[in-house]
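Below is one structure, written out as structure tokens; the observations come after it.
Read the figures in this text as sums done on the coordinates, not as results from a lab. Only a predicted model underlies this, so the values are computations on that prediction, with no experimental measurement involved. Every residue, glycine as well, gets a Cβ built from its backbone with ideal geometry; the counts of neighbours run over all protein chains shown.
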């Protein structure tokens, strides 16, 4: 990438800042015209916690998207895709199997598939507690909001927040006495029932909150071999939290959650089939994830600081089983359908277990103090095991037959600090630093199926790295509701070992892959114009060294891993506009240019070239929505009528390093229309009204094209009762 592109991106950010500063100084605040909150109101009081302290979102010097229940329906089966679709320059890559889905932001991406459970460029956390790819993305149960922060967040979240962080904030047991029951029914067997509520057990001292859910979906992809639908889901989940506040200075939150999520997602589908999507697998695929978590959060306030201790343990169990020799696809290459329709062979079953322990201690400055700071220490441990059995047809993939018994143990110890220092009335300087040590050990045992594989191979290896990540920034407040910032950040994604040791069947051990490191430069402006409008604009440039890469050569059926440098730059904008008391527009748009640089070695042999786009990174992303509310009194009825419609656009992306497989752009349109009052809500909804099938991965099998495809149209009705 030449300097002029970087310069152009920076100048665009500065120009946007100056333009908005002029608009902000001339904008007169518009008074609130109604005492009742409606969907059209522009919020300026949202506080976020993703950076480990409370701050108003309009003042945070970071590009942010805040999503609430109106933005993502609680019954959404693919919350990762929903979050990405409503966040500029963000893409969710769904490989239809638990433990292999991931997200990218601003062109900072996983280059292929995740190498292990900790190989991610985007961090994911629940109430500030990080999880791994094994736990991403869970169902959204009793959620207050989702915070999406773009750009490296390694100071407070550590490794693997190279491109950004997604933090899910759940509702707390705050002593409010309430109960809510929601039920939905819809097409393709959609069934959803959720109950949630809270109560004060001892006034001002002990409070309880809980939620339970049952959800079912029959699927909408026809399997022509089994004559049935696949792609279905069965979900059961529960969450409970207890809050103890013996006095005004001490808060203890104890939270436990459990979910069992079962899917029947097909693997590759033949894109060229006339009745796409149709599956040709000869067994029903099985995808299951059980996720249990317990968290103890203790917060004690003193006059000069607040002490917080967060202790959490997660247990994640995953089972993926399926047929990777789809009859429709391989019959295009070898026209013998009976050869591929055998439930006894060509199956891969993978069981994964991961235990995650996190302990964090931190000190925060008092909330009302001008000098804001946080310092802390964090310990993270992952105990991951993989058991895999493969019995592939001799014509395809027999060199990968056998059984694997792998264990990866990872630990991180870190110290971190972050500070915001006011410089007079208008300027503020921010900075943060994290010092950490990663260690990872691999113990692998492989048993093969000679003569096409070795008889056995054992490996025991270790990897360690000391590193620093952090950021520095400068903020200027032009006036009430308007600020601009510039920042530079150092990001880090941990190195380690490939979880499946793909070379073992050929008698080769797996070397560790290098950690990825990045520099990110950003210019941005945030503006709130009274209760009328809000607009955020940011320009960015990312330089990534040793991006972690994995790929699959479908002609030789060989897996390769390596590291590859890449760069990206772009612009993103998001905002809201209140047109009237009853109508508002909201949305965002992002533009990203990306390219691979310094290509050589295994990357070049795999088809990468200098200047090729980074896989799975679209040039354009956009979302646009409208919210309408109409008081029932206008038509002589009680309550309020409402309509909310959102469209998300995902631009074309390449699936591979060689940029040979291009996935077309798509639009997803969701709507919800209903009537509600203080206690009742009746609504109808339509998800993916255009019935477009989002393609998340594509590979050319020397003629036929195999793809992963998302869900189609879903129509339904629902009701919610509160008391």
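Counting beta carbons within 10 Å around each of 110, 185 and listing the fewest first gives the order 185, 110.
Would you please give the FRET efficiency between residue 443 and residue 254, computed as 1/(1 + (r/R0)^6) with r the Cβ-Cβ distance and R0 = 51 Å, to the nearest 0.05? Taking R0 as 51 Å, the efficiency between residue 443 and residue 254 is 0.90.
With the cut-off at under 11 Å, measuring from each backbone N in the stretch 684-723 to a point 7 Å along the Cα-to-Cβ line of residue 69 picks out 720-723. Extension gain, residue 468 to residue 717: 0.36 nm times the residue separation minus the Cα-Cα distance gives 84.6 nm.
Distances between every pair of Cα atoms in the stretch 645-723, grouped in 10 Å steps from 0 to the bin holding the largest one, split as 16, 33, 23, 15, 9, 3, 0 percent.
How high is the relative contact order of the chain, in percent, with contacts defined as C-alpha pairs under 8 Å that are six or more residues apart?
Values: 2147 pairs, mean separation 99.6, N = 723.
Relative contact order comes out at 14 percent.
Can you tell me the FRET efficiency between residue 199 and residue 357 if r is taken as the Cβ-Cβ distance and R0 is 35 Å, rounded to the nearest 0.05?
Details: r = 31 Å, r/R0 = 0.88.
Given R0 = 35 Å and the Cβ-Cβ separation, E is 0.70.
Extension gain for the segment residue 240 to residue 334, taken as residue separation times 0.36 nm less the Cα-Cα distance, is 28.5 nm to one decimal.
Which order results if 254, 336, 628, 162 are arranged by neighbouring Cβ count within 10 Å, fewest first?
Numbers: 254 15, 336 12, 628 18, 162 35.
With the sparsest Cβ surroundings first, the list reads 336, 254, 628, 162.
Peptides 307-314, 240-247 ordered by packing proxy, namely the average of other Cβ atoms within 10 Å per residue, highest first: 307-314, 240-247. Bridges between two residues of the stretch 142-222, per DSSP, are antiparallel at a rate of about 100%.
With 10 Å bins beginning at zero, the pair-distance distribution over Cα atoms of the stretch 492-642 amounts to 9, 25, 22, 16, 13, 10, 4, 0 %. Spin-label model, residue 191 to residue 371: label points 7 Å out along the Cα-to-beta-carbon direction sit 6.1 nm apart.
Can you tell me the length gained on complete extension of the stretch residue 307 to residue 677, counting 0.36 nm per residue apart and subtracting the Cα distance? Walk me through the numbers on the way to the answer.
On the way: separation 370, 0.36 × 370 = 133.20 nm, distance 4.12 nm.
Taking 0.36 nm per residue and subtracting the Cα distance, the gain is 129.1 nm.
Sorting 526, 216 by the number of Cβ atoms found within 10 Å of their own Cβ, with the fewest placed first, yields 216, 526.
Normalised by the number of residues in the stretch 50-150, the average gap of Cα pairs under 8 Å and 6 or more apart makes the relative contact order 35 percent.
Bridges between two residues of the stretch 196-334, per DSSP, are antiparallel at a rate of about 95%.
Scaled against the 2.2 N^0.38 Å expected of a compact globular protein of N residues, the Cα radius of gyration of the chain reads 0.95. Ellipticity at 222 nm from helices only: DSSP H runs of n ≥ 4 in the chain, each -39500 (n - 2.57), divided by the residue count, give -2000 deg cm²/dmol.
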